[in-house]
Structures are given as structure tokens and as C-alpha cells.
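J.: Once you've had a glance at the structure underneath, I'll fire off some questions.
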Amino acid sequence: MPLNGDFVKLKRVIHQAHQLAGKRWRRGVTKQMSEETVELVRGTFQRSTAPDGAKWAPLRKRRGRPLLDTGRLRNSVLRHSDADGYKVFTNVVYAALQNFGGTVSQGAREQVSFHNRRGRFISEKKTKRLKKWSSSLAKIGARSFGVPARPFFPPQGSLPSGWARRLRRVASTYVSLVARGQVAP
């Protein structure tokens, strides 16, 4: 029984299927998805919203937007990807407290304060430039205070539908580009 058809095209499709099944392709798609996830996390900081769209608790002590005073936490969002998957994380020690909320407890302590000749508080650094200044030792009692949750990572095992749609689109676009030969896997 004879077979008729475009065997060159068939060979190309078979070659593309092999490319899509390989580790190199999986590394490429997880890299694209991890980059998109970092952008999604950074977007929560820009909008001051949780991944599900809920607004973060407002600030109580200063003006501005929560978690953007220095941008350190937002800029610490990192990614790692390989052929088996990817992870997005931060290495900032206070990230979990900000993401999940919690209570901070401080023990009793002593603190040195510096004052200019008018009695106003100054930094220790400014004492080096001033001729007249004074210091005092203050005893500060124990205290605790609550930090509201301001989630920037989704809860483990749950992905907001908007994030899932964007990640599917990234993966689908990458697969299409590899299949058409427009991107090397």
C-alpha cells in the first residue's frame, strides 16, 4: 500500500515534536514562565494588592505606599528555573512577616539618644560634625505590635486565575514559536 504526502513536511513536524519533548525546550518554557511570575509579583507591589486583587492594608505611620519605602523587598524577588520547573523567591529576612503578617515582640532595652544644643534628636553621625551635643540613656520597656499581611506571593498550592491565564499564554506562545522555528528551544 503506497503512502502519498509531503514527507519533508512530516520530517519537520517529527523534528519539532522531538524538540518540544526535550529538556532544552522545558528549560526554555520554565525560564519564560519564571520571568513572567517575577513580573506578576512585582506588579503586586506597584498596585499595593495581593495576587488575588485584594487591597493591602494602608500605612499607619508614614505616607506613601506599603512595602515601597526603599524598594528593597520588591527588588529582591528572584527566580530559578531548570527543565523540571521553577521557583520564585526572596532572600530578604522580613519578607515572610510582610507576606503573611504577624506579631513582632521586642524585649526591654536601653537606647542612647543624641541631642543638639536645642534639645532636638540627632543621629550619631551628626555628632561628629557638631561641636555641642549631648546624649542620654533611655530605658525602653518591652512591647509588641502587629504587622498586617500584605501578600505579594500567592498562597502555596494556589494560583490566582489571572496569573494562571498569563502563565498559560506565556507557555503557549513559547510552544508556538518553537514549533514554527522562530525561537530555538
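The values are calculated or read from the model by the stated rules, or taken from the named source; none is laboratory data. Worth saying up front: this structure is predicted, and the values here are computed from it rather than measured. Backbone-built Cβ (ideal geometry, glycine too); neighbour counts: all protein chains shown.
J.: Quick check on this structure: which one of ARG26, ARG62, ARG79 is modelled with pLDDT under 95, buried (at least 17 other Cβ atoms within 10 Å of the Cβ) and farther than 14 Å from PHE152 by Cα?
T.: On the way: ARG62 fails: buried (at least 17 other Cβ atoms within 10 Å of the Cβ); ARG79 fails: modelled with pLDDT under 95.
Result: ARG26 is the single residue among ARG26, ARG62, ARG79 that is modelled with pLDDT under 95, buried (at least 17 other Cβ atoms within 10 Å of the Cβ) and farther than 14 Å from PHE152 by Cα.
J.: Taking the condition without any contact (Cβ under 8 Å) to a residue 60 or more places away in the chain, surrounded by fewer than 11 Cβ atoms within 10 Å (Cβ to Cβ) and over 30 Å from ARG26 (Cα atoms), does PHE145 pass?
T.: Values: without any contact (Cβ under 8 Å) to a residue 60 or more places away in the chain: yes; surrounded by fewer than 11 Cβ atoms within 10 Å (Cβ to Cβ): yes; over 30 Å from ARG26 (Cα atoms): yes.
Answer is yes for this residue.
J.: Checking the condition in contact (Cβ under 8 Å) with a residue 60 or more places away in the chain and not in a strand (DSSP E or B), which residue from ARG166, ARG129 passes? Let's see the steps before the verdict.
T.: Numbers: ARG129 fails: in contact (Cβ under 8 Å) with a residue 60 or more places away in the chain.
Of ARG166, ARG129, the one residue that is in contact (Cβ under 8 Å) with a residue 60 or more places away in the chain and not in a strand (DSSP E or B) is ARG166.
J.: Another question, if that's okay. Within the stretch 60-97, count every residue that is over 21 Å from GLU35 (Cα atoms) and in contact with a strand residue (DSSP E or B) (Cβ under 7 Å, 6 or more places away or on another chain).
T.: Number satisfying all stated conditions: 1.
J.: Would you mention how many residues in the stretch 163-185 are under 23 Å from the mean Cα position of the chain (by Cα) and exposed (fewer than 13 other Cβ atoms within 10 Å of the Cβ)?
T.: Selection size over the stretch 163-185: 4.
J.: Take the residues of the stretch 32-42 that are surrounded by 16 or more Cβ atoms within 10 Å (Cβ to Cβ) and of a type outside the set (A, V, I, L, M): which is farthest from LEU159 (Cα to Cα)?
T.: GLN32
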